[in-house]
Amino acid sequence: MGFPSINVSVITLGYFLMLFVTLTSILNPIFATKICEFPAIFNLGDSNSDTGTLSAAFTALNSPYGDTYFHMPAGRFSDGRLIIDFIAKSFSLPYLSAYLDSLGASYTHGANFASARATIRFPSPIIPASGGYSPFYLDVQYQQFMQFKNRSQIIRKQGGKFAKLMPEEDYFRKALYTFDIGQNDLGAVLFSNMSIEEVKATVPDIVNRFSIYVKKIYELGGRSFWIHGTGPFGCLAYILTGFPSAEKDSAGCAKQPNEVAQYFNYKLKEAVFQLRKDFPSAAFTYVDVYSVKYYLFSEPKKYGFELPLITCCGYGGKYNYSDAAICGDTITVNNTKMVVGSCDNPSVRVDWDGSHFTEAANKFVFDRISTGAFSDPPIPLNMACHRNAYSISF
């Protein structure tokens, strides 16, 4: 009986394919790294990631907030979903319930402590004062997290119908901890009539205070941290309207506020690097959201957007924005009452209400930062449990 014929070309191709995979794993170890399976997410931050805190604590948002995706206000300062929502979805986890949202909330897979108008440092003035900031600043959010961690396990041990709404004890160690905060601290000092040099001088203290709370969460068991820098808020209508004579860059953004944001990010990145040195058993990833968001203002047409400096849901002025006519408010114009409504097509717009992004812009940012191309170390979101690209797990 003769031997079966061998297709040499198939064997050769298979050999080279195996060699390619082997070399790829050696030269770029991220391909050999085990994908992270986060059972929960705990988020601290400001309105960029608030999924209902401020709305639950004070006045609820009105339509058209939430209309694009939720078809109703959903506690988010956008027409739809935020970056944190897309982060949760990418791990097949439910959208995070706000810690203060007592109605219909589930915390089985995490909780959100972020609050719109929140700061890192103690705020002044505080809501309900005019122009006030959230009382739920970072220290309070940490206190809430600490209380949640303890009480959720008491409820689980007691059993009953509420036990299943709480995270398992080991989820706190295995969870992803996300942070997006700092913009309001910078805005507060910018609007306090300080010089740019004086504003920049406040940044080290703001960042140092941020680091303190990351360390505290590490001490409570957190091991995977995904930390966003701040965005180019000098491109947002509330800044452009508040500083009408500010020098503009080629995209039409206010230069000095963006310089402050970049300096904050520089110091934050330094702080994250130090955290990585201080706590080698944990993974700390700094995420450059500034660069991605700036693309939306500098090259909007390239990415399918238009009128990036103009507010979608607003009324009045050069940028369709006014403090006296906030998105969803009922105002009187020429003796006629009207609701400040949305533009016709939010899916091609960037600035939602003068200080926040549309769902389409948030999705654009998520799609790019989740790849790891804007991270330090350069690892994608689904590998954020690893300290760096060389943390190989076979």
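Find the lysine pairs in segment 144-230 meeting two conditions, Cα atoms under 17 Å apart and a separation of 8 or more places or different chains, and report how many there are. Don't skip to the answer; put the middle values down first.
Working: 149/157; 149/164; 149/174; 149/215; 149/216; 174/215; 174/216.
Lysine pairs meeting the criterion: 7.
If you only keep lysine pairs separated by 8 or more in sequence, or across chains, how many in segment 268-394 come under 26 Å at the Cα atoms?
12
Can you pull the percent of Cα pairs in segment 214-313 with separation above 23 Å? List each step's numbers first, then the result.
Values: 1980 of 4950 pairs.
I get 40 percent for the Cα pairs in segment 214-313 exceeding 23 Å.
Antiparallel versus total DSSP beta bridges in the chain: what percent is that, nearest 5?
If we restrict to bridges inside the chain, about 30 percent are antiparallel.
Using mean Cβ contacts within 10 Å as the protection proxy, how do 287-293, 125-131 order, highest first?
On the way: 287-293: 21.0, 125-131: 11.3.
Listed from highest to lowest mean packing, they are 287-293, 125-131.
About its Cα centre, how strong a charge dipole does the chain have in debye, to the nearest 20, once Lys and Arg get +1 and Asp and Glu get -1 at the Cβ?
Working: 34 positive and 33 negative charges, 210 e Å.
For the chain, the charge dipole is close to 1000 debye.
Can you give the extra length, in nm with one decimal, that the chain gains between residue 205 and residue 301 once fully stretched, where that is 0.36 nm per residue apart less the Cα-Cα distance?
That works out to 30.7 nm of additional length.
Quick check: net charge around residue 177, other residues with Cβ under 13 Å of its Cβ, Lys/Arg +1 and Asp/Glu -1?
With Lys, Arg at +1 and Asp, Glu at -1, the neighbours total +4.
Any chance you could give the angle, 0 to 90 degrees and rounded to 10, that helix 289-298 forms with the longest Cα principal axis of the chain?
60 degrees
How much net charge surrounds residue 194 when only other residues with a Cβ under 15 Å from its Cβ are counted (Lys, Arg +1; Asp, Glu -1)? Mind dumping the intermediate values first?
Details: positive: 121, 200; negative: 185, 197, 198, 205, 259.
Residues close to residue 194 contribute a combined charge of -3.
When ligands, DNA and RNA are left out and all protein chains stay put, how many square angstrom of accessible area per residue does segment 286-392 have with a 1.4 Å probe?
Accessible area per residue, segment 286-392: 44 Å².
Mind checking the angle between helix 196-219 and the chain's longest principal axis? C-alpha axes, 0 to 90 degrees, to the nearest 10.
50 degrees
Per-residue HN-Hα couplings for segment 258-266, Karplus 6.51 cos²θ - 1.76 cosθ + 1.60 at θ = phi - 60°, whole Hz, x for Gly and Pro?
Residue by residue, segment 258-266 yields 5, 5, 5, 4, 5, 5, 4, 5, 4 Hz.
So if we plug the beta-carbon distance of residue 106 and residue 169 into 1/(1 + (r/R0)^6) with R0 = 22 Å, what FRET efficiency do we get, rounded to 0.05? Show your work: numbers first, answer last.
On the way: r = 17 Å, r/R0 = 0.77.
The calculated FRET efficiency here is 0.80.
Take the alpha-carbon centre of segment 216-270, take the same for segment 303-365, and report the distance between them in whole Å.
21 Å
So what's the back-of-envelope 222 nm ellipticity for the chain, counting only DSSP H runs of four-plus at -39500 (n - 2.57) apiece and dividing by all residues, rounded to 500?
Taken over the chain, the calculation gives -11500 deg cm²/dmol.
Given C-alpha coordinates of the chain, what is the ratio Rg to Rh with the Kirkwood estimate of Rh?
Dividing the radius of gyration by the Kirkwood radius yields 1.03.
What is the angle, in °, between the Cα long axis of helix 8-27 and the longest principal axis of the Cα atoms in the chain? Nearest 10 is fine, range 0 to 90.
Taking the Cα atoms of the chain, the angle to 8-27 is about 50 degrees.
Roughly speaking, to the nearest percent, how much of the chain's 1.4 Å accessible area is carbon and sulfur?
That fraction is 56 percent.
Once you have the Cα-Cα distance between residue 329 and residue 196, take 0.36 nm times their residue separation minus that, and quote the gain in nm to one decimal.
44.6 nm
Under 18 Å from the 7 Å Cα→Cβ point of residue 215, by amide nitrogen: which residues of segment 249-268?
267-268
The values are calculated or read from the model by the stated rules, or taken from the named source; none is laboratory data. The structure displayed is predicted, hence computed values, not measured ones. In this analysis, Cβ positions are derived from the backbone assuming ideal geometry, glycine residues included, and neighbour counts consider all displayed protein chains. Each accessible area value is taken on the protein alone, full model and side chains, heavy atoms only, with ligands, DNA and RNA left out. Shrake-Rupley method; radii C 1.70, N 1.55, O 1.52, S 1.80 Å.
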